[in-house]
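The values are calculated or read from the model by the stated rules, or taken from the named source; none is laboratory data. The structure displayed is predicted, hence computed values, not measured ones. Using ideal geometry, Cβ is built from the backbone for each residue, glycine included, and neighbour counts are taken over all protein chains shown.
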């Protein structure tokens, strides 16, 4: 298997590992559709299977890039992202399963390809540094928001204007600080991917991230503080390693479904965390 395919497979595995992890508050898993009546676990499997060649294309774009301005590399992969989204929607009959994950993984794959070509794919920190150089200009998109019609603003743009929340663009342009500082170190400390470990990592991400999907569904930014309190209680009970922690998480999932809440942004960062862990343990070891 060539390098592009090998690394694309790791991205695909990250999607599938996140999908089967359960119970996740408000999210689709093998036993529940959570707060998403338009999709099932099979929708996520279909999407994950469809994206393998797109993931290869992101890596190849980074590998073939000859310039020094990494913002140009980011612009080069934009059309690949658009095509990947179209392929996803075709596979899922129009359901958005992985748009956020495609954005994040596409940038990471291009960064890995870029470093691999130059034989400097040494550690995850090097990957995050390239990601920051590729995307440092993304926050400039927010500078002109006040001049745009309200109806043309995305959910993330509205949250920035109202509350100063940076969303996924902030995470990417800062080199995924939640992943670098919290979730990846925790998964590395566990040293294995399994359901219990991934649930704890997911909840840690929820504590530290500003999940715009959660805010949108709640219609109130204070839901972030409420979510943090839920996470604190979960870990006080021992997290996924105890019967009490798992029972609490099951109840939390039921509450999320009842309130039609979901943590799609948190799930995307779990995918990134899994992917970077797989890169570190399979490619960089």
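Observations on the structure shown:
- Among the candidates 269, 261, the residue that is under 23 Å from the mean Cα position of the chain (by Cα), on the phi < 0 side of the Ramachandran plot, surrounded by 14 or more Cβ atoms within 10 Å (Cβ to Cβ) and not in a helix (DSSP H, G or I) is uniquely 261.
- Those helices (runs of 4 or more DSSP H) lying entirely in region 74-164 with at least 2 residues modelled with pLDDT of 95 or more and surrounded by fewer than 21 Cβ atoms within 10 Å (Cβ to Cβ): 99-117, 124-135
- A residue that is part of a helix (DSSP H, G or I) and free of Cβ contacts under 8 Å to residues at least 24 places away in the same chain cannot be found anywhere in region 202-222.
- Criterion applied to 11, 4 was being surrounded by 16 or more Cβ atoms within 10 Å (Cβ to Cβ) and over 18 Å from the mean Cα position of the chain (by Cα), and the one residue passing it is 4.
- Matching option when the condition is without any contact (Cβ under 8 Å) to a residue 40 or more places away in the chain and either more than 18 Å from residue 14 (Cα to Cα) or surrounded by fewer than 19 Cβ atoms within 10 Å (Cβ to Cβ) (or both), among 280, 247: 247
- Selected residue [in contact with a helix residue (DSSP H, G or I) (Cβ under 8 Å, 6 or more places away or on another chain) and over 20 Å from residue 171 (Cβ atoms)] from 227, 238, 191, 219: 238
- Checklist (1) free of Cβ contacts under 8 Å to residues at least 12 places away in the same chain; (2) within 23 Å of residue 35 (Cα to Cα) applied to residue 236, failing item: (2)
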